[in-house]
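Trainee: Take a look at this one; I'll ask things after.
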Amino acid sequence: MFPLLKKLTPQRAPAIQLERAISVDGRSIPLTIRKNSRATRITLRIEPGGRALKMTIPPGLRERDIDDFLDRHQGWLSTKLKRQKTAGAIEDGGEILLRGVPHRIVHTGQLRGLTQSIDSEIGHILSVSGLEDHLPRRVADFLKKEARYDLERLVALHARNVGKPVKNMTLKDTRSRWGSCSWDGKLSFSWRIVMAPPLVIDYLAAHEVAHLREMNHGPAFWALCKELCPRMDEAKAWLKRHGSTLHAIDFA
């Protein structure tokens, strides 16, 4: 008799990462190159804020091919990085979105005072006091406060509608996802969502609350999500189109 042979599952080779830097318009930018056995073509992605680049390549690609690809895309990289830098400037006279409405940032020059949204004769402004060096942080603190106000109200509303309790809610500055829901009812959101229109904020709250009942992205989940937020498709489209811009803003 032949001994019983155990069927072995083929192991997929782990992805290999290489680190280097490239120059774009005289600026050195970190580049992570990831070799992936399932990749069939080169893909290049700009990290939020233009701080780094990530490239995925198929196996067996020569270094010369990578260099040629980067050379051909210098113009594209230059344009995209300039746009991200412009969109991410938090400074006196700059612009920031609050619930989808552009606000001009006005530094008052006063050391004390509240950061507040004002509908003035010259349009919507965000009035910010304190030292000018602290302006980005003060704008971020204001957005966090406004995000908590909106999300706590919307989460409570949707949680009542699905009949599920929320254990707690936290705000983070995540770049990989807009929100999350744990199995024990803990919700987490990116406070940057408060820069999006109210419809999108409502959708994000509805999305995570829907996970309290459906911990998946199956048909039942999406049906519940649309029941909670009937304009879900419109909100998803806005976030897909503009979400990376919100992530790119640098509050450091």
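The values are calculated or read from the model by the stated rules, or taken from the named source; none is laboratory data. Bear in mind that the values here come from a model prediction, so they are computed numbers and not experimental data. Ideal geometry is used to build each Cβ from the backbone, glycine not excepted, and the neighbour counts take in all protein chains shown. Heads up: the accessible areas ignore ligands, DNA and RNA and are worked out on the full protein's heavy atoms, side chains in. Shrake-Rupley method; radii C 1.70, N 1.55, O 1.52, S 1.80 Å.
Trainee: List the DSSP H helices in the chain whose Cα atoms stretch 27 Å or more along the helix axis and whose mean Kyte-Doolittle hydropathy is at least -0.5.
Mentor: TM-like helix candidates: 135-162.
Trainee: Give the accessible surface of the chain per residue, rounded to a whole number of Å², with probe radius 1.4 Å and ligands, DNA and RNA excluded.
Mentor: 61
Trainee: Right, here's the next one. Give me the percent relative contact order of the range 134-247, please, defined on Cα pairs under 8 angstrom at least 6 residues apart.
Mentor: Dividing the mean separation by the residue count of the range 134-247 yields 25 percent.
Trainee: Assuming a viscosity of 1.306 mPa s and a temperature of 10 °C, what translational diffusion coefficient in µm² per second does Stokes-Einstein assign to the chain, Rh being the Kirkwood radius over Cα pairs?
Mentor: For these conditions, the coefficient is 75 µm²/s.
Trainee: OK, next. Within the chain, what whole-number % of the accessible surface is contributed by carbon and sulfur, with the 1.4 Å probe and all protein chains included in the calculation?
Mentor: Carbon with sulfur: 53 percent of the solvent-accessible area.
Trainee: Once you have the Cα-Cα distance between Lys54 and Arg175, take 0.36 nm times their residue separation minus that, and quote the gain in nm to one decimal.
Mentor: Here the segment from Lys54 to Arg175 would lengthen by 42.1 nm.
Trainee: Once you've got the Cα coordinates, tell me which of Lys54/Lys167; Lys54/Lys145; Lys35/Lys82; Lys82/Lys186; Lys35/Lys144 are over 30 Å apart.
Mentor: Too far apart for the 30 Å limit: Lys54/Lys167; Lys54/Lys145; Lys82/Lys186; Lys35/Lys144.
Trainee: Can you pull the semi-axes for the range 134-247, root of five times each eigenvalue of the Cα gyration tensor, sorted largest first, whole Å?
Mentor: Three semi-axes, in Å: 23, 16, 12.
Trainee: Describe numerically, in nm with one decimal, the distance between label points set 7 Å from Cα along Cα→Cβ at Asp71 and at Glu19.
Mentor: My value for the distance between the label points is 2.7 nm.
Trainee: Dipole magnitude of the chain about its Cα centre, charges +1 at Lys/Arg Cβ and -1 at Asp/Glu Cβ only, in debye to the nearest 20?
Mentor: That gives a dipole near 1160 debye.
Trainee: How would the range 17-83 be classified by its alpha-carbon gyration tensor: rounded, prolate or oblate, with rounded meaning a/c under 1.5 and the a/b versus b/c comparison settling the rest?
Mentor: Prolate, because a/c is 1.5 or more and a/b exceeds b/c.
Trainee: Please sort 185-192, 154-161, 72-79 by packing, taking for each peptide the average over its residues of neighbouring beta carbons within 10 angstrom, highest first.
Mentor: The packing order, highest mean first, is 185-192, 154-161, 72-79.
Trainee: Measure off 7 Å from each Cα along the Cα-to-Cβ vector at Leu157 and Ile122, then give the distance between these two points in nanometres to one decimal.
Mentor: The two pseudo-label positions are separated by 3.4 nm.
Trainee: Still on this structure, I have one more. Go ahead and collect, in residue order, the members of the range 210-239 whose backbone nitrogen is under 19 Å from a label point 7 Å along the Cα-Cβ direction of Lys164.
Mentor: 210-233
Trainee: Contour minus end-to-end for Glu234 and Thr40, with contour as 0.36 nm per residue of separation and end-to-end as the Cα-Cα distance?
Mentor: 66.6 nm
Trainee: May I ask you to order 139-151, 194-206, 119-131 by the average number of other C-beta atoms within 10 Å around their residues, highest value first?
Mentor: 194-206, 139-151, 119-131
Trainee: Quick one: Cα centre-to-centre distance for the range 182-252 and the range 86-149, in angstrom?
Mentor: 24
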